[in-house]
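Student: Before anything else, here's the structure in question.
The values are calculated or read from the model by the stated rules, or taken from the named source; none is laboratory data. What you see is a predicted model; the values in this text were computed from it and never measured. Every residue, glycine as well, gets a Cβ built from its backbone with ideal geometry; the counts of neighbours run over all protein chains shown.
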Amino acid sequence: MNRINIIGSGLAGLSAALTLAENGMSCRLISPMPSERAQSVMAEGGINAALDTMGENDSAEQHFEDTMKGGVFLADPNAVWGLCSDAPAIVNRLCDLGAALRMQGSSPVLRNFGGQKKKRTAYAKSSTGKILMTALIDAVRKYEVSGLVERYANHRLEELIIESSQCRGVKIKNIRNGDIIPLTGAVLLAVGGMNSLFPGLTTGTVINTGDVTAEAFFKGAELYNLEFIQYHPTTVSVPEKRCLISEAARGEGGRLFVMRNGEPWYFMEDKYPEYGNLSPRDVVSREIELVKKESGCGNSVYLDMTKLDSNVWKNKLSDLRDECIELLGKDPAAEPIEVSPGIHYFMGGIGVDEKHRTNIKGLYAAGECACQYHGANRLGGNSMLGAVYGGRIAALTAMEENRQEQQPEEKTDIIKGDGCPVMTESSISAEAAGILKDSLGIFRSEEKLTKALAELSALYENESDPVMKKRLLLGRAVLLSASERRESRGAHTRTDYPDRNDREFRKTTVALYKDGNVVVSMRDIPVKRGQADEISDRDKEKKV
Amino acid sequence: MKYLIEIKRRRSEKDEPYFQTFEYETELESATAAAALAELNRRKPLRDINGAECERIVWECSCMQKKCGACAMVINGRPQLACAAVLNEQKGSKIKIEPLSKFPVIADLYVDRSIMFEALRQIGAWLDEEKRAGDKNNELLYEASRCLQCGCCLEVCPNFYSGGDFSGMAALVPVSRLLEELDGKQSRSLRKQYGKHIYNGCGKSLACRNICPAGIDIEKLMVNSNSVMLWKHLFKK
Ligand SMILES: Cc1cc2nc3c(=O)[nH]c(=O)nc-3n(C[C@H](O)[C@H](O)[C@H](O)COP(=O)(O)OP(=O)(O)OC[C@H]3O[C@@H](n4cnc5c(N)ncnc54)[C@H](O)[C@@H]3O)c2cc1C
Ligand code: SF4
Ligand code: SF4
Ligand code: FES
């Protein structure tokens, strides 16, 4: 039997498993913890689709334009068009699976989100991820019982089996007893972001280490656009991590200000009258750092939600309010909350084409671990959409390419572990983390990146633990990608190259591990089918 | 602030449990039990208060923000999420941490909660046909979608034990979404399973009510599901 091995059981993994099962194809769904613990359950503000239920004349075309523009024209336009034109069907399907999104009659209510002028974000208070995950977990459970989906809920990927540039399977490890199980068949990676490189600085989970991405890189997979790391403008520091204050806070009327000469200055509204507080995240994060340095301004930026209507608190943001009270001991309805940017999303990752194929045959990737749809900066609400849609496309491609394929016989000779639970450090060392933190902040420069690269390479040479070594290798790839992009675009701001340079850099950054070296090159972005591209894009940009 | 963290440890289910105490100092007022465990595990080497070198503490965590249920354990006698257990809100500066007791221990604070997931499979917790959630009962469906599968409610439930027929509140909550949405044949079979695995075993004392770290309105879901099972289904079309 041709079974697809899905690694990761968040939105992307579940969506892939459901797609395969509904098409009668069996799969394994492998993750170190059950789906209930995946980062996807943390997603708050919502999922985008031009459903146009709010009477604003929204359309897939406008969703496409906002996504391309938000990503500063680095995403593959054909893939983005697929995403945006399918989005209404995707969200409708989630509703049909019984997802308890906020509804009016039988259509989802939509809210405003950053970088989009139309209301386009379907939501369930600020627990949208949890509500979508519940619906998908239940839907997949049916196939777990029928046998089409085989769950390995306490296993992690240990090794990709690649023979003559083709992925033949995986070795997975039972984290409860150390057993190693080899599995044959095509592999679909849905393992989330690379949080282990930035301990304590991300809003996500410690389970998403990026180890699988590092292993894929080590085995020859191309990684794209690694330098684009999203700093979410409104996060707060809590023990061991950054905690997100959802963009929904601003979508529902929250305003950012800094104290200037004793008065609150609503700088986003002043500087960016068009999108104001709901400008794309890269813009807001950069401005937060910049205004703190302006004359007369204090060193703290606040999110003011005190003027929100009591109905908004009750019906739309009650959970966000509870969370602030619990985590910060502050009621956002009564006082402004001090916020600062924190690492929230990795636009870059495992390189895939429009059909979610990597450069290695039989290896697919989807969700946050893959680089697709978001270009240089992701719009809020597009990531869950990208995960569900991408998981589906990857599964359809894997199915198409592997249904007929003659596979080597499954041999499941398990290598016995020592019976003890597997304990791995959740992140790189404090020293390595310090190097990445200092060089990969919101503002970057050649000087810092070059120094960081040398320091990290030295740590790499001295590292003996294979998992840690691969993480450092991944870190080197991020640094080199950031150093090679000598322009400023989206989430990548270079103090030494402050301008956008389309001629040289409206390209995908491709990192490859070859003959023991990390090599980075720039590759052309596909042209939108049936459209003369570039010029029209730049015209659109000018109008903004 | 200085805390003494006493942890119940064992290498595996077969080994005898024992307690080990660690000193943990922090300036953070909001430091949680999870932050303490994470910090202890970063120590190289990790030593207890007697200076003896110890193995790293085995425990589960993921979101560190009370959204995933991974870190449920018994802290000062109360089942709760370690990442929500603020140390200076506990009684005294001595903190006792034990694994949930209703599940087999894998090691230290890491327990095997697979029976919870197995229960949902056994009950048949899914929608056979597509069923759109409307606005009518949105709040109830939302509430029923929030269960973390953490197991805290099972810890305090006098009627739940591993291997028994009764699946407890951790099954009731997700199943109540489906009971509310379904009609027809699947509703009949789900009602039957609900009776067998949930309704019949539950003493309805609501000992589990104030334990849920997600703050789910358990009583409302229970009342609704019980009435769907007993009579409300007659009025559904
Ligand atoms: C606080 C927060 C709020 C957010 N809000 C929004 C929002 O409002 N809208 C939006 O669109 N996006 C939002 N996002 C982003 C979005 O949640 C994620 O990008 C998306 O859920 C990713 O889904 P995924 O399936 O790719 O990965 P995940 O859900 O992260 O799943 C990864 C899976 O891989 C598994 N895994 C990890 N390592 C291994 C390994 N070594 N071996 C095997 N399995 C492994 C994990 O256990 C997990 O099952 C938010 C993110 C955060 C952190
Ligand atoms: S009401 Fe009582 S018997 Fe029923 S689940 Fe709660 S604690 Fe257990
Ligand atoms: S009902 Fe509450 S306590 Fe019980 S498993 Fe669900 S989230 Fe945990
Ligand atoms: S780590 Fe997720 S609930 Fe504590």
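Student: Can you tell which of A:44, A:36 is modelled with pLDDT under 95, among the acidic types (Asp, Glu) and under 30 Å from residue B:149 (Cβ atoms)? Walk me through how you get there before you give the answer.
Tutor: Numbers: A:36 fails: modelled with pLDDT under 95.
After ruling out the rest, the residue left standing is A:44.
Student: Another question about this same structure. Just to confirm my filter: which helices (runs of 4 or more DSSP H) fall fully inside the stretch A:210-298 and include at least 3 residues that are among the small types (Gly, Ala, Ser) and either out of contact with any Pro (no Cβ under 6 Å at 6 or more places or on another chain) or in contact (Cβ under 8 Å) with a residue 24 or more places away in the chain (or both)? Give the steps one after another, and end with the answer.
Tutor: Values: elements: A:211-218, A:248-251, A:267-271, A:281-291.
Because the criterion is at least 3 residues that are among the small types (Gly, Ala, Ser) and either out of contact with any Pro (no Cβ under 6 Å at 6 or more places or on another chain) or in contact (Cβ under 8 Å) with a residue 24 or more places away in the chain (or both), the helices (runs of 4 or more DSSP H) in the stretch A:210-298 that meet it are A:248-251.
Student: Within the stretch B:188-202, can you find the residues that are part of a loop (DSSP other than H, G, I, E, B) and either away from ligand 3 (no atom under 16 Å from the Cβ) or within 14 Å of chain A (Cβ to nearest Cβ) (or both)? Let's see the steps before the verdict.
Tutor: Of all residues in the stretch B:188-202, those part of a loop (DSSP other than H, G, I, E, B) come to B:200-202.
B:200 - this is the single residue of the stretch B:188-202 that is part of a loop (DSSP other than H, G, I, E, B) and either away from ligand 3 (no atom under 16 Å from the Cβ) or within 14 Å of chain A (Cβ to nearest Cβ) (or both).
Student: Of the residues that make up the stretch A:28-42, is at least one surrounded by 20 or more Cβ atoms within 10 Å (Cβ to Cβ), more than 14 Å from chain B (Cβ to nearest Cβ) and closer than 30 Å to residue A:487 by Cα?
Tutor: Checked against the condition, which is being surrounded by 20 or more Cβ atoms within 10 Å (Cβ to Cβ), more than 14 Å from chain B (Cβ to nearest Cβ) and closer than 30 Å to residue A:487 by Cα, the stretch A:28-42 yields no hits at all.
Student: Does residue A:326 meet the test of being assigned to a helix (DSSP H, G or I), within 16 Å of ligand 3 (Cβ to nearest atom) and within 27 Å of residue A:199 (Cβ to Cβ)? Write out each step before concluding.
Tutor: Values: assigned to a helix (DSSP H, G or I): yes; within 16 Å of ligand 3 (Cβ to nearest atom): yes; within 27 Å of residue A:199 (Cβ to Cβ): yes.
For residue A:326, the condition - assigned to a helix (DSSP H, G or I), within 16 Å of ligand 3 (Cβ to nearest atom) and within 27 Å of residue A:199 (Cβ to Cβ) - is met.
Student: Are any of the residues in the stretch A:180-202 hydrophobic (A, V, I, L, M, F, W, C) and within 11 Å of chain B (Cβ to nearest Cβ)?
Tutor: Going through the stretch A:180-202, the residues hydrophobic (A, V, I, L, M, F, W, C) turn out to be A:180-181, A:183, A:186-191, A:194, A:197-198, A:201.
Subset that is within 11 Å of chain B (Cβ to nearest Cβ): none.
No, that holds for no residue.
Student: I need a count of the residues in the stretch B:191-208 that are near ligand 2 (Cβ under 9 Å from one of its atoms) and within 18 Å of residue B:124 (Cα to Cα).
Tutor: We begin by selecting, within the stretch B:191-208, every residue near ligand 2 (Cβ under 9 Å from one of its atoms); these are B:198, B:201-208.
Still in the list and also within 18 Å of residue B:124 (Cα to Cα): B:198, B:201.
Selection size over the stretch B:191-208: 2.
Student: For the stretch A:464-480, state whether one or more residues are farther than 30 Å from residue A:356 by Cα and crowded, with 21+ Cβ neighbours inside 10 Å. Show your work before the answer.
Tutor: First, pick out the residues of the stretch A:464-480 that are farther than 30 Å from residue A:356 by Cα: A:464-465.
Keeping just the survivors that are crowded, with 21+ Cβ neighbours inside 10 Å gives none.
No, the stretch A:464-480 contains no residue that is farther than 30 Å from residue A:356 by Cα and crowded, with 21+ Cβ neighbours inside 10 Å.
Student: Provide a single number: the residues in the stretch A:104-136 that are more than 10 Å from every other protein chain (Cβ to nearest Cβ), out of contact with any helix residue (DSSP H, G or I) (no Cβ under 6 Å at 6 or more places or on another chain) and of a type in the set (Ser, Thr, Tyr).
Tutor: 3
Student: Among the residues of the stretch B:88-100, which ones are surrounded by fewer than 23 Cβ atoms within 10 Å (Cβ to Cβ) and either within 14 Å of chain A (Cβ to nearest Cβ) or within 15 Å of ligand 4 (Cβ to nearest atom) (or both)? Give the derivation first.
Tutor: As a first pass, look at the stretch B:88-100 and keep what is surrounded by fewer than 23 Cβ atoms within 10 Å (Cβ to Cβ): B:88-96, B:98, B:100.
Correct list: B:88, B:89, B:100.
Student: Out of the residues in the stretch A:43-57 meeting the condition of being among the hydrophobic types (A, V, I, L, M, F, W, C) and crowded, with 24+ Cβ neighbours inside 10 Å, tell me which one is farthest from ligand 3 (Cβ to nearest atom). Explain how you work it out, then say what you get.
Tutor: Our first condition is that a residue be among the hydrophobic types (A, V, I, L, M, F, W, C); within the stretch A:43-57, this holds for A:43, A:47, A:49-51, A:54.
Filter again for crowded, with 24+ Cβ neighbours inside 10 Å, leaving A:43, A:47, A:49-50.
Working: A:43: 18, A:47: 23, A:49: 29, A:50: 34 Å.
Among them, the one singled out is A:50.
Student: Only one residue in B:133, B:207, B:119, B:171 is more than 16 Å from ligand 4 (Cβ to nearest atom) and facing chain A (nearest Cβ under 9 Å), so which one is that? Show your work before the answer.
Tutor: On the way: B:207 fails: facing chain A (nearest Cβ under 9 Å); B:119 fails: facing chain A (nearest Cβ under 9 Å); B:171 fails: facing chain A (nearest Cβ under 9 Å).
None of the others qualify; the one that does is B:133.
Student: Condition check: under 26 Å from the mean Cα position of the chain (by Cα) and either at pLDDT 95 or above or charged (D, E, K, R) (or both). Does residue A:285 satisfy that? Working first, answer last.
Tutor: Details: under 26 Å from the mean Cα position of the chain (by Cα): yes; either at pLDDT 95 or above or charged (D, E, K, R) (or both): yes.
For residue A:285, the condition - under 26 Å from the mean Cα position of the chain (by Cα) and either at pLDDT 95 or above or charged (D, E, K, R) (or both) - is met.
Student: Would you confirm whether any residue within the stretch B:216-228 is surrounded by fewer than 19 Cβ atoms within 10 Å (Cβ to Cβ), within 20 Å of residue B:170 (Cβ to Cβ) and within 16 Å of ligand 4 (Cβ to nearest atom)?
Tutor: no
Student: Mind counting the residues in the stretch A:9-27 that are of a type in the set (Gly, Ala, Ser), away from chain B (no Cβ under 13 Å) and assigned to a loop (DSSP other than H, G, I, E, B)?
Tutor: Matching residues across the stretch A:9-27 total 2.
Student: Looking at the stretch B:209-224, is at least one residue among the charged types (D, E, K, R), away from ligand 2 (no atom under 11 Å from the Cβ) and in a helix (DSSP H, G or I)?
Tutor: First, pick out the residues of the stretch B:209-224 that are among the charged types (D, E, K, R): B:209, B:217, B:219-220.
Then drop every residue that is not away from ligand 2 (no atom under 11 Å from the Cβ), which leaves B:217, B:220.
Then drop every residue that is not in a helix (DSSP H, G or I), which leaves B:220.
Scanning the stretch B:209-224, I find at least one residue that is among the charged types (D, E, K, R), away from ligand 2 (no atom under 11 Å from the Cβ) and in a helix (DSSP H, G or I), so the answer is yes.
Student: List the helices (runs of 4 or more DSSP H) that sit entirely inside the stretch A:436-544 and contain at least 3 residues that are modelled with pLDDT of 95 or more. Walk me through it before giving the result.
Tutor: Values: elements: A:446-462, A:466-484, A:502-505, A:534-543.
Answer list for the stretch A:436-544: A:446-462, A:466-484, A:502-505.
Student: Let me ask something else. Scanning for something closer than 25 Å to residue A:328 by Cβ, more than 11 Å from chain A (Cβ to nearest Cβ) and surrounded by 15 or more Cβ atoms within 10 Å (Cβ to Cβ), does the stretch B:50-64 turn up at least one residue?
Tutor: There is no residue in the stretch B:50-64 that is closer than 25 Å to residue A:328 by Cβ, more than 11 Å from chain A (Cβ to nearest Cβ) and surrounded by 15 or more Cβ atoms within 10 Å (Cβ to Cβ).
For (1) touching a strand residue (DSSP E or B) at 6+ places or on another chain (Cβ under 8 Å); (2) of a type in the set (Lys, Arg); (3) surrounded by 24 or more Cβ atoms within 10 Å (Cβ to Cβ), each residue gets a yes or a no:
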| site | (1), (2), (3) |
| --- | --- |
| B:67 | no, yes, yes |
| B:73 | yes, no, yes |
| B:118 | no, no, no |
| B:131 | no, yes, no |
| B:139 | no, no, no |
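Student: Would you pick out the residues in the stretch A:96-110 that are touching a strand residue (DSSP E or B) at 6+ places or on another chain (Cβ under 8 Å) and crowded, with 23+ Cβ neighbours inside 10 Å?
Tutor: First, the residues of the stretch A:96-110 that are touching a strand residue (DSSP E or B) at 6+ places or on another chain (Cβ under 8 Å): A:101-102, A:108-110.
Across the stretch A:96-110, the qualifying residues are A:101, A:108, A:110.
Student: Just checking: which of the strands (runs of 3 or more DSSP E) contained wholly in the stretch B:1-105 hold 2 or more residues that are over 18 Å from the mean Cα position of the chain (by Cα)? Step through it out loud before you land on a result.
Tutor: Values: elements: B:2-9, B:18-25, B:72-75, B:78-81, B:94-98.
Here the list reads B:2-9, B:18-25, B:94-98.
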